[in-house]
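To keep things clear, I will list the structure first and then write my remarks on it.
Values in this text are rule-based calculations from the coordinates and carry no lab data. All values derive from a computational prediction rather than experimental measurement. Heads up, the Cβs are rebuilt from the backbone with ideal geometry, glycines too, and the neighbour counts pull from every protein chain shown.
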Amino acid sequence: MKKLILAVALVAVTGTTFAQKKTTTSATVAFDASTAIDALPKAENKTVVAVLNTKTGEVAFQAVVKNFAFSNPTIQDHFNGEKWLNSDKFNDFTFKGAISKSSTVNFKKDGTYEVEVEGKLTVKDQSKDIKVPATIVVKGGAISTTAQFSITLADYGITGAPIEAGKIAKQPKITVSADFK
């Protein structure tokens, strides 16, 4: 009987722990490096893996570089090429961090929460600390997150003539969004 009670308690605790970790494989990262000279350097990746721990506030995502889709195939080739993201060598970029003051978010109560997320963004094996504003919307048990920020390409070893010529923004806009159920 004691073993049965222990087993039931263990299953209950495990179920609670897993319920606190939300994941999705269909988060989106949008990349907008357009300028006044060229409006085409925009891409989107809709196959991003994202994780949110509602107990600790930890957040992480991983985006495969080759899954970014551009409307112009030439720009896509440049984006994946050696001089840019070199996707054959550096397959993905990642973020690992946490919601600052995560206790201000009640993941069990409907509402919109404006927060800051702090962590490390890694691109081409170069990690930089970033702090970005984010919005968390809880509605009917579902959680939606969105963050918008810019990065400086040179900080991640991304340089080249198109950037210097103003065809590609030196500080592209990044939008990350994820829906967790």
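Can you compute the FRET efficiency between Lys139 and Ser26 using 1/(1 + (r/R0)^6), with r the Cβ-Cβ distance and R0 = 25 Å? Round to the nearest 0.05. Don't jump to the answer; show the numbers that get you there.
Values: r = 18 Å, r/R0 = 0.71.
Result of the calculation: an efficiency of 0.90.
Between beta-carbons, use under 13 Å as the cut-off and find the net charge around Tyr113, counting Lys and Arg +1, Asp and Glu -1.
Working: positive: Lys101, Lys108, Lys109, Lys139; negative: Asp110, Glu114, Glu116.
Taking every other residue near Tyr113 into account, the sum is +1.
Binning at 5 angstrom from zero up to the longest distance, how are the C-alpha pair distances of the stretch 21-180 distributed in percent?
All Cα pairs, binned at 5 Å, distribute as 2, 9, 18, 23, 18, 13, 9, 6, 3, 0 percent.
Determine the sum of side-chain charges near Ser100: Lys and Arg each +1, Asp and Glu each -1, restricted to other residues whose C-beta is under 13 angstrom from that of Ser100. Kindly include the intermediate steps, with their values, before the conclusion.
Numbers: positive: Lys101, Lys131; negative: Glu58, Glu114, Glu116, Glu118, Asp129.
Neighbourhood net charge equals -3.
For an R0 of 35 angstrom, estimate the FRET efficiency from the Cβ-Cβ distance between Glu118 and Asn80 and round to the nearest 0.05.
The pair Glu118/Asn80 has a calculated efficiency of 0.75.
If each residue of separation counts as 0.36 nm, what is the full-extension length gain between Gln171 and Thr47 once their alpha-carbon separation is subtracted?
Working: separation 124, 0.36 × 124 = 44.64 nm, distance 2.33 nm.
Value of the extension gain: 42.3 nm.
Would you tally the net charge around Val132, using a Cβ to Cβ cut-off of less than 13 Å, leaving Val132 out, and scoring K and R as +1, D and E as -1? Display every interim value, and only then the final one.
Values: positive: Lys120, Lys128, Lys131, Lys173; negative: Glu114, Glu116, Glu118, Asp129.
Combined, the nearby Lys, Arg, Asp and Glu give 0.
With contacts defined as alpha carbon pairs under 8 Å and 6 or more residues apart, what's the relative contact order of the chain in percent?
Details: 386 pairs, mean separation 39.2, N = 181.
Here the relative contact order equals 22 percent.
At 7 Å along the Cα-to-beta-carbon direction for both Lys108 and Ala154, put a label point, then send me their distance in nm to one decimal.
So the two model labels end up 5.0 nm from each other.
I'd like the FRET efficiency for Ala39 and Lys181, computed as 1/(1 + (r/R0)^6) with the beta carbon distance as r and R0 of 41 Å, rounded to 0.05.
Computed FRET efficiency for Ala39 and Lys181: 0.75.
Assigning unit charges at the beta carbon (Lys, Arg +1; Asp, Glu -1) and nothing else, what dipole magnitude in debye, to the nearest 20, does the chain show about its Cα centre?
The calculation lands at about 880 debye.
Provide the packing ranking of 53-62, 157-166, i.e. peptides ordered by the mean count of other C-beta atoms within 10 Å per residue, highest first. Before the final figure, lay out each step's value.
Working: 53-62: 18.2, 157-166: 14.4.
So the order, starting with the most tightly packed, is 53-62, 157-166.
Which links in Lys128/Lys170; Lys101/Lys181; Lys22/Lys89; Lys42/Lys173; Lys42/Lys181; Lys42/Lys89 stretch past 20 Å when you go from one Cα to the other? Don't jump to the answer; show the numbers that get you there.
On the way: Lys128/Lys170 16 Å; Lys101/Lys181 22 Å; Lys22/Lys89 30 Å; Lys42/Lys173 9 Å; Lys42/Lys181 28 Å; Lys42/Lys89 22 Å.
The answer is Lys101/Lys181; Lys22/Lys89; Lys42/Lys181; Lys42/Lys89.
Please compute the alpha carbon radius of gyration of the stretch 110-163, then divide it by the globular-protein estimate 2.2 N^0.38 Å. Two decimals is fine. Intermediate values should be presented prior to the final figure.
Numbers: Rg = 15.2 Å, N = 54, 2.2 N^0.38 = 10.0 Å.
Working it through for the stretch 110-163, the quotient is 1.52.
For Phe180, Phe93, what's the fewest-to-most ordering of other Cβ within 10 Å of each Cβ?
Numbers: Phe180 20, Phe93 24.
So the ranking, lowest neighbour count to highest, is Phe180, Phe93.
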